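**Q** Supplied in structure tokens, the structure appears directly below.
The values are calculated or read from the model by the stated rules, or taken from the named source; none is laboratory data. Computed from a predicted structure; not experimentally measured. Backbone-built Cβ (ideal geometry, glycine too); neighbour counts: all protein chains shown. Surface areas here come from the heavy atoms of the whole protein model, side chains and all, with no ligands, DNA or RNA. Shrake-Rupley method; radii C 1.70, N 1.55, O 1.52, S 1.80 Å.
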Amino acid sequence: RIHVSNRYTEGVSSPFPFSSLPLDSSPVMASSPPPSILYPSRAPVNDGHQGLEAVISNNNIRMEAGDIEEFRARKVALITGISGQDGSYLAELLLSKGYKVHGIIRRSSSFNTARIEHLYSNPVTHTGGASFALHYGDMTDSSCLIKLIRSIEPTEVYHLAAQSHVKVSFDLPEYTAEVDAVGTLRLLDAIHACGLTERVRFYQASTSELYGKVQEVPQKETTPFYPRSPYAVAKMYGYWIVVNYREAYNMFACNGILFNHESPRRGETFVTRKITRTVAKISLGQQECVELGNLSAKRDWGHAREYVEAMWRILQHTVPEDFVIATGVYTTVREFCRLAFMEVGIELEWEGKGVEEVGKCKETGIVRVKVNPKYYRPTEVEELLGDASKAKAKLGWEPKVTLPELVKEMVASDLALMKANPTA
């Protein structure tokens, strides 16, 4: 006679009340408590001889459609990677739509929330509010993720956290796999362990880097993957584990295969922001040139603010599906440089080939762009071009910001930054 039970049993209600505790206290929630959760039920005692499997049940209690609708009407979102470019724009969007937004950030000895400070109720004291709360957490810590899912009871989870720098993933392959691949599994399984499988809608930030050595141009949802970096391989696991949980547990889990998306909030080490920052410094006499890797690489660049709108629409769709999000136009790194320098009145002309190629100011002959082999990837991805026709047809989403408009916004932002703080 064997009895096996899950520790989250028999209609246990959420153990954490809503409160306004500071960031470094227990996980907090906003507004009033949500409905109690029905966690996986206690397995029945087995009086037969069918073995251990007969008394173990991993099935969640089935919910009526009305109960699920009532749960989702609470509009509580959890964003991993909220302090990043996409997370900050997504938080703004969800707050504007009436969501209560919870974000996970990593513990740091210094403040790392510059992109979301304007969302605090009191930016001076880094205090959240009734609709916005931050929690310490990490994608390498399963117990932490389970506690957060159990206490917050989100209706939508947007998983954006990742080691997302492709070149760095060659230097930190194991860490990239631990966070980007297994971290996604940990979050999905935390939702499943807390009995929220059929109630939570889950968005996974997939990437165009999955296509790598492209098998067709343009790339769409059915294009075979051929990842060419530890980052892309880790993201490929993340993609397929999302599909697996969708099919195995009937979870509303979706992949957004987003092509490159930029903004003034882009991280400083990414090539587009590196270019616009340097252009600003050059125009102000603070720097002479920028060193880059493969100038001929072609990318499909859009605006991050528009792409987070697509994320939200993916989770409002009637059925869980995967979508490519892209502009359908690609441009070389070389052309991005030209557009950026034109914003400060510098016209480039190009000389040489390969590592000897340089971009000179047409008027003065001063070299403004150089190629440095250290920025080459061990395995290059030459061209990425997305076909977002499915997103347009089913979600009504399509991009509006053109690349010249995006470059103009980024250069203007970095000019203002460098004028205010030349050491930024």
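**Q** Tally up the residues in the range 302-336 that are part of a loop (DSSP other than H, G, I, E, B) and of a type in the set (A, V, I, L, M, F, W, C), please.
**A** 3
**Q** How many residues are open to solvent by 50 Å² or more (accessible area, probe 1.4 Å), in contact with a Ser or Thr (Cβ under 7 Å, 6 or more places away or on another chain) and farther than 16 Å from residue 163 by Cα when one looks only at the range 101-125?
**A** Residues flagged as open to solvent by 50 Å² or more (accessible area, probe 1.4 Å), in contact with a Ser or Thr (Cβ under 7 Å, 6 or more places away or on another chain) and farther than 16 Å from residue 163 by Cα within the range 101-125 amount to 2.
**Q** Keeping to the range 181-222, report how many residues are in contact with a helix residue (DSSP H, G or I) (Cβ under 9 Å, 6 or more places away or on another chain) and β-branched (Val, Ile, Thr).
**A** Count: 6.
**Q** Please go through the range 302-320 and pick out each residue that is open to solvent by 30 Å² or more (accessible area, probe 1.4 Å) and more than 17 Å from the chain's Cα centre (by Cα).
**A** 316, 318, 319, 320
**Q** Let me ask something else. Across the range 389-415, what is the total count of residues that are over 20 Å from residue 331 (Cβ atoms) and of a type in the set (D, E, K, R)?
**A** Counting residues in the range 389-415 that are over 20 Å from residue 331 (Cβ atoms) and of a type in the set (D, E, K, R) gives 3.
**Q** Give me the residue from the range 268-277 that is farther than 13 Å from residue 339 by Cα and among the β-branched types (Val, Ile, Thr) and, out of that set, least open to solvent (accessible area, probe 1.4 Å).
**A** Per the criteria, the residue is 271.
**Q** Let me ask another. Can you name every residue in the range 304-334 that is out of contact with any strand residue (DSSP E or B) (no Cβ under 9 Å at 6 or more places or on another chain) and acidic (Asp, Glu)?
**A** 309
**Q** While we're looking at this one, here's another question. Please determine whether any residue of the range 104-123 is of a type in the set (D, E, K, R), on the phi > 0 side of the Ramachandran plot and in a loop (DSSP other than H, G, I, E, B).
**A** No, that holds for no residue.
**Q** Condition first: surrounded by fewer than 22 Cβ atoms within 10 Å (Cβ to Cβ) and not in a loop (DSSP other than H, G, I, E, B). Now tell me which residues in the range 283-298 satisfy that.
**A** Residues satisfying the conditions are 283, 291, 298.
**Q** Kindly provide the set of residues from the range 143-195 that are under 16 Å from residue 79 (Cβ atoms), of a type in the set (A, V, I, L, M) and part of a loop (DSSP other than H, G, I, E, B), ordered by number.
**A** Result: 160, 161, 162.
**Q** Taking only pairs six or more apart or across chains, which ones have beta-carbon atoms under 6 Å, a first residue in the range 141-159 that is open to solvent by 10 Å² or more (accessible area, probe 1.4 Å), and a second residue that is outside any helix (DSSP H, G or I)?
**A** These pairs meet every condition: 144/137; 150/194.
**Q** Provide a single number: the residues in the range 218-233 that are open to solvent by 40 Å² or more (accessible area, probe 1.4 Å), out of contact with any strand residue (DSSP E or B) (no Cβ under 7 Å at 6 or more places or on another chain) and touching a residue at least 24 places away in the same chain (Cβ under 8 Å).
**A** Matching residues across the range 218-233 total 2.
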